[in-house]
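Below is one structure, written out as C-alpha cells; comments come after it.
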Amino acid sequence: MGRVTGAVIAAAAIGVAVGLGAFTFVYAKGASYLSTDSAVCANCHIMSEHFAAWQRSSHRAVAGCADCHMPHDLVGKYAAKASNGFWHSLAFTTGKFPDPLQIKPHNRAITERACRDCHGDIVAAIDPVGGREPIPSRSDARSAPNADRPQIHDGNSAAGDRESCIRCHTYVGHMVR
C-alpha cells in the first residue's frame, strides 16, 4: 500500500504543478512577461491606468516600461522580472497590495538608475560625482569630484538627503496620482 500511496501523492503533485503552470502560462499570459513589450504591463487590471498614462507621456516615444523599471543587464532584468512576478502575483492573488500602488525601494533604485543612464548629460551637470556613483549627501558634496561645478539642483534636498530624479520627477513616465 505504501507504493500506491507514494505514486498517488507524486501524481497529485505533478498534476498540481502542471495545473499551476498551465494557469500561469495560458490564462495569466505568463510567457508574455518574458518580453519587453509595454502592453504586457497592462495584463494586470491594476496597472491599466499606469499603462494608459504612459501612452500619453513624453517618454512613450523613447522608453518602454522595461527601460525604466527593469535593470538593463540580461541577468538582472530576468531576476527582477522573476522576483517581481512572484511577489506581484502573490499580492494580487491574496488582495494584499497597497492602493495606490507604491514602488518598493529596490525597484525605485532600478528606476533611478535608468533615469541617470538615459539622462547622463543632464545628471553630469547637476550631480557632483557625474551620476555613476550614489549621490553624496549635501555635506559630502563639497569634497566630491566636480564639486566646483555649478549645481543646478543644489539646495533642493534637506541636509543629509541624497538627490533623486524620482523625488521631483515622479510622474514623468506616467502621470497617475
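Please determine whether any residue of region 17-30 is under 15 Å from the mean Cα position of the chain (by Cα) and in contact (Cβ under 8 Å) with a residue 12 or more places away in the chain. No - not one qualifying residue is present in region 17-30. Between Thr94, Thr5, Thr36, Thr111, the distinction of being under 19 Å from Gly173 (Cβ atoms) and either surrounded by fewer than 15 Cβ atoms within 10 Å (Cβ to Cβ) or in contact with a Ser or Thr (Cβ under 9 Å, 6 or more places away or on another chain) (or both) belongs to Thr36 only.
Read-outs: derived from the displayed coordinates by stated rules, not from any lab. In this text the structure is predicted, and so the values were computed from the model without any measurement. Glycine gets a Cβ as well: all are built from the backbone with ideal geometry, and neighbour counts include every protein chain shown.
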